[in-house]
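The values are calculated or read from the model by the stated rules, or taken from the named source; none is laboratory data. A quick note: this is a predicted structure, and the numbers were derived from the prediction, not measured. No Cβ is skipped: glycine too gets one built from the backbone with ideal geometry, and neighbour counts run over all protein chains shown.
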Amino acid sequence: MEGARRMEPPRRALLAKLRHIGDALLGTVVASALKAWAPGCRVTYLVPAGTEDLLVLCPDVDVVLTVERRASQSGVVEYLAGQWDLLRTLRQGDYDLALDLGGGDRSAFLTWWSGAPTRVGTAPAHERGRLRTRLYTRVVIRDVFAHTIQQDLEVLRAAGAPADTASLRLCIPEGLAHQAALRLGAAGIDPTRPMVLVHPTSRWTFKVWPEGKVAACVRRLCAERVQVVLTSGPDDEERRRLARIVEQVAAPVAKFPGTLALSELAAVLASARAFLGVDSAPAHLAAALGIPSVVLFGPTGAFNWGPWVSTPAGTPYPGRAGSQAAGSHLVIQRDWLCVPCGMAGCLFSKRSDCLEAIEVDEVFGAVMGCLSQRAPAGATR
């Protein structure tokens, strides 16, 4: 960390994380830790457009601002007008503190533009001399082996906050919970029987478990009279993948092929007794809701991205690879020398041998073990 000094708890703070849905959700832990340090602070969170539906469920975020990644079909003029409105809003925010949790050029510029007198950002060691780091008043050198949440909290600690750890929280409004119950009922789910939500898809195909193995695991759950809800994202390939899995299951399951908004997915998840999925945003949703989870990992590191369990340590998953448990969550991963490789599949082939090697018996047994657990105390639903 460079130029560290303590500051008074802020009145208004800007957080920025211009990355993917899961990243934006994990960044809300900083808002929670910030409110614990400065209870009266008004927290504004700057995130990519498309994530705001979920982030309004985060109780410690007061205002959500969005950034369009690029001009849409509405045209360049409308896009530029929106960018100007954002710049004007940021400049008028009267922020005491701005934290760039994403570490990109654009978020560095926007936190600088906000005019906050204290601006803390992050960079890996090899980028510490880049021009964008000069837009911060303090720079945190990222610990690439720490959990993403601990990396984010380190940015807050650089501002003087006593933030060893914090919980990932979501609050499901009563009306949204009622709508989710109606949708589950219409899909044939009996609220008196255990339900597992399975989200087997991702936009990154190198992260997914083979369709046949997903279907075999779901069939075995159904044979144990466990109700299964299958979900996917709205991407066309994800929906097609889910349709093929459902066809192979050949047993009654409820399915939502990309038809749930992020907030609706959270509300449906809140009714589950267990979650099964891959390294993607729904796994972090399940953790935020206190749902015992089985998450399958391939080329990515659980030490960075495993389901969050509040801990003052760098990561709840200290192993470089292999299956690891934290709280009520289990990460299943092969303990191979090449894992995690960080590549988009073996030799960038978009498919991962380490994921394909995970066996149905192991996953089925882990999910059944989750069903015997209670959700951890303190889950906000």
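Only a single item in (1) over 28 Å from Ala267 (Cβ atoms); (2) crowded, with 24+ Cβ neighbours inside 10 Å; (3) not hydroxyl-bearing (Ser, Thr, Tyr) is not met by Trp84, and it is number (2).
A single member of Arg219, Arg169 is surrounded by fewer than 21 Cβ atoms within 10 Å (Cβ to Cβ), within 26 Å of Pro307 (Cβ to Cβ) and not assigned by TED's automatic domain parsing to the domain that holds His284, and it is Arg169.
For segment 223-233, filtered to residues that are among the hydrophobic types (A, V, I, L, M, F, W, C) and touching a strand residue (DSSP E or B) at 6+ places or on another chain (Cβ under 6 Å), the residue that is nearest to Leu184 (Cα to Cα) is Val229.
Results for (1) of a type in the set (D, E, K, R); (2) out of contact with any Gly (no Cβ under 6 Å at 6 or more places or on another chain); (3) at pLDDT 95 or above, shown as yes or no for each residue.
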{"site": "Glu8", "(1), (2), (3)": "yes, yes, no"}
{"site": "Ala13", "(1), (2), (3)": "no, yes, yes"}
{"site": "Leu26", "(1), (2), (3)": "no, yes, yes"}
{"site": "Val29", "(1), (2), (3)": "no, yes, yes"}
{"site": "Leu34", "(1), (2), (3)": "no, yes, yes"}
{"site": "Leu46", "(1), (2), (3)": "no, yes, yes"}
{"site": "Ala49", "(1), (2), (3)": "no, yes, no"}
{"site": "Val56", "(1), (2), (3)": "no, yes, no"}
{"site": "Asp60", "(1), (2), (3)": "yes, yes, yes"}
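Report whether or not Pro124 is surrounded by fewer than 17 Cβ atoms within 10 Å (Cβ to Cβ) and at pLDDT below 95. When the stated conditions are applied, Pro124 passes them. Restricting segment 191-215 to residues that are hydrophobic (A, V, I, L, M, F, W, C) and assigned to a strand (DSSP E or B), the residue that is surrounded by the fewest Cβ atoms within 10 Å (Cβ to Cβ) is Met195. Being in a loop (DSSP other than H, G, I, E, B), modelled with pLDDT of 95 or more and either surrounded by fewer than 20 Cβ atoms within 10 Å (Cβ to Cβ) or not small (Gly, Ala, Ser) (or both) is a property that Ile149 lacks.
Mind listing whichever residues of segment 271-305 are closer than 17 Å to Ile245 by Cβ, part of a strand (DSSP E or B) and in contact with a Phe, Trp or Tyr (Cβ under 8 Å, 6 or more places away or on another chain)? Selection gives Val278, Val294, Leu296. Evaluated against (1) assigned to a helix (DSSP H, G or I); (2) closer than 22 Å to Asn304 by Cα, Tyr79 falls short on exactly one condition, (2).
Quick check: is even one residue across segment 115-131 among the polar types (S, T, N, Q), assigned to a loop (DSSP other than H, G, I, E, B) and either without any contact (Cβ under 8 Å) to a residue 40 or more places away in the chain or assigned by TED's automatic domain parsing to the domain that holds Leu99 (or both)? The answer is no, given that none of the residues of segment 115-131 is among the polar types (S, T, N, Q), assigned to a loop (DSSP other than H, G, I, E, B) and either without any contact (Cβ under 8 Å) to a residue 40 or more places away in the chain or assigned by TED's automatic domain parsing to the domain that holds Leu99 (or both). Of the residues making up segment 87-112, those that are surrounded by 22 or more Cβ atoms within 10 Å (Cβ to Cβ), under 23 Å from the mean Cα position of the chain (by Cα) and in a helix (DSSP H, G or I) are Ser107, Ala108, Leu110, Thr111. Note on segment 202-220: residues that are in contact (Cβ under 8 Å) with a residue 60 or more places away in the chain and not charged (D, E, K, R) amount to 9. Taking segment 70-87 as the search range and keeping residues that are farther than 19 Å from Ser114 by Cα and of a type in the set (D, E, K, R), which one is modelled with the highest pLDDT? Only one residue tops the list, namely Glu78. Filtered by the rule that a residue be more than 21 Å from Ala281 (Cβ to Cβ) and assigned to a strand (DSSP E or B), segment 55-66 gives a lone residue, Val63. Any residue in segment 286-303 that is within 30 Å of Pro194 (Cα to Cα), buried (at least 23 other Cβ atoms within 10 Å of the Cβ) and in contact with a His (Cβ under 6 Å, 6 or more places away or on another chain)? Taking every residue of segment 286-303 in turn, at least one turns out to be within 30 Å of Pro194 (Cα to Cα), buried (at least 23 other Cβ atoms within 10 Å of the Cβ) and in contact with a His (Cβ under 6 Å, 6 or more places away or on another chain).
Answer yes or no: is there a residue in segment 36-54 that is out of contact with any Lys or Arg (no Cβ under 8 Å at 6 or more places or on another chain), outside the structural domain of Ser310 (by TED's automatic domain parsing), within 30 Å of Arg203 (Cβ to Cβ) and assigned to a loop (DSSP other than H, G, I, E, B). Within segment 36-54 (the criterion being out of contact with any Lys or Arg (no Cβ under 8 Å at 6 or more places or on another chain), outside the structural domain of Ser310 (by TED's automatic domain parsing), within 30 Å of Arg203 (Cβ to Cβ) and assigned to a loop (DSSP other than H, G, I, E, B)), the answer is yes, since at least one residue qualifies.
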